[in-house]
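All remarks here apply to the structure that follows.
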Amino acid sequence: MSCSCGPKERYKLEIIDIIKHDDVTYSYDFKGDLRSWNEGDASKLFLQVNGKEEARRFSYATLDDEEVIRFTTRIKSSPSFYKSKLHEHQIGDVLEVSHPKEGIRLLRENRPIALLSNGVGIAATRAFIKKYEKDRTGIPEMLQINVDRTGKIYSEEMSLFEERLPFKSIYLNNRNQFFTSLDSEIQSLMERRDADPYIYIVGSDAFVIETRSHLKALGFRNEDILIEKHVLSSEACGCGPDNGCGCGANIIKTIGGIS
């Protein structure tokens, strides 16, 4: 995928650390020219692949006051050419990213927030929780549920959030467990706070569509559901439609559901 972004829209970033979370999950930490972004934002990361430039979108797992720019991704046993090239890069290499594209933000209307994700969609979720840790205004409580057969990315940090925030973290390894837990936790959240939550969904197409349909059946309105989803277009991140997001990318912002 070629990109028409001009040089003024790009920032040079140096890899300062590569964190291996499990056999297939990596976080790439950068420092560089980029100074400002917010929770929910994403950028394209440019690589030279087979003699041409390609780019994929990645959600920011960190906030701009953490002094590190982090993208978390999956690189599986038979990766795309793009992921193979990314895996070849080492600490000290300099890459380019596009200007951050605005995603959805935390709503602060005195309603609790539930963050639902699959795979490394948890990377985008982390940025939302860090923003909540920094400023709890208008958000009485937060819940995160992640569904992932591979592991529990960021689970240790989520436990620390639980200790110091009105926050609950749940990891599950299949969708049957997910929907059972979701029903119970959402009901409990509503009873405690006497308010319907805003529900954010981050993940693969199938996860987003199935979860949204389930929530609609429970009576949630379109305006209660905020979605960060993949699109099957020239801007798609390259992840399969139902294998869990391999990049954590928020390709398009959709508020009020999808058709």
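The values are calculated or read from the model by the stated rules, or taken from the named source; none is laboratory data. Fair warning: this is a prediction, and the values are worked out from it, not measured in the lab. Methodologically, a virtual Cβ is constructed for each residue, glycine included, from the backbone with ideal geometry; neighbour enumeration extends over all protein chains shown. We work out accessible area using only protein heavy atoms, side chains counted, and drop any ligands, DNA or RNA first. Shrake-Rupley method; radii C 1.70, N 1.55, O 1.52, S 1.80 Å.
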Count - residues of the range 50-73 that are open to solvent by 10 Å² or more (accessible area, probe 1.4 Å) and in contact with a strand residue (DSSP E or B) (Cβ under 9 Å, 6 or more places away or on another chain) = 7
Spot the failing condition for Asp22; the list is (1) open to solvent by less than 50 Å² (accessible area, probe 1.4 Å); (2) charged (D, E, K, R); (3) modelled with pLDDT of 95 or more; (4) closer than 18 Å to Gly151 by Cα, and only one is missed.
-> (3)
Can we say Ile153 is among the β-branched types (Val, Ile, Thr), assigned to a loop (DSSP other than H, G, I, E, B) and within 18 Å of the chain's Cα centre (by Cα)?
-> yes
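Considering only residues that are over 14 Å from the mean Cα position of the chain (by Cα) and of a type in the set (Lys, Arg), look in the range 125-150 and name the one that is most open to solvent (accessible area, probe 1.4 Å).
Within the range 125-150, the subset over 14 Å from the mean Cα position of the chain (by Cα) is 132-143, 149-150.
Still in the list and also of a type in the set (Lys, Arg): 134, 136, 149.
Numbers: Lys134: 122, Arg136: 119, Arg149: 199 Å².
The selected residue is Arg149.
For the structure I just gave you, tell me whether Gly103 is surrounded by 22 or more Cβ atoms within 10 Å (Cβ to Cβ), more than 18 Å from Thr25 (Cβ to Cβ) and not hydrophobic (A, V, I, L, M, F, W, C). Spell out the reasoning first.
Working: surrounded by 22 or more Cβ atoms within 10 Å (Cβ to Cβ): yes; more than 18 Å from Thr25 (Cβ to Cβ): yes; not hydrophobic (A, V, I, L, M, F, W, C): yes.
Answer is yes for this residue.
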Residues of the range 19-61 that turn out to be within 17 Å of Gly92 (Cβ to Cβ) and small (Gly, Ala, Ser), as a count | 2
Unique match (being farther than 26 Å from Ile227 by Cα, surrounded by 13 or more Cβ atoms within 10 Å (Cβ to Cβ), in contact with a strand residue (DSSP E or B) (Cβ under 7 Å, 6 or more places away or on another chain) and of a type in the set (Gly, Ala, Ser)) among Gly92, Gly32 = Gly32
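Please determine whether any residue of the range 117-132 is on the phi < 0 side of the Ramachandran plot, free of Cβ contacts under 8 Å to residues at least 60 places away in the same chain and not in a helix (DSSP H, G or I). If you could, list the steps in order and put the result at the bottom.
Let us first name the residues in the range 117-132 that are on the phi < 0 side of the Ramachandran plot, namely 117-118, 120-132.
Remaining after also requiring free of Cβ contacts under 8 Å to residues at least 60 places away in the same chain: 129, 132.
Okay, now just the ones that are also not in a helix (DSSP H, G or I), so none.
No: zero hits.
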Check Ala217, Ala195 and return the single one that is in contact (Cβ under 8 Å) with a residue 24 or more places away in the chain, open to solvent by 10 Å² or more (accessible area, probe 1.4 Å) and among the small types (Gly, Ala, Ser).
-> Ala195
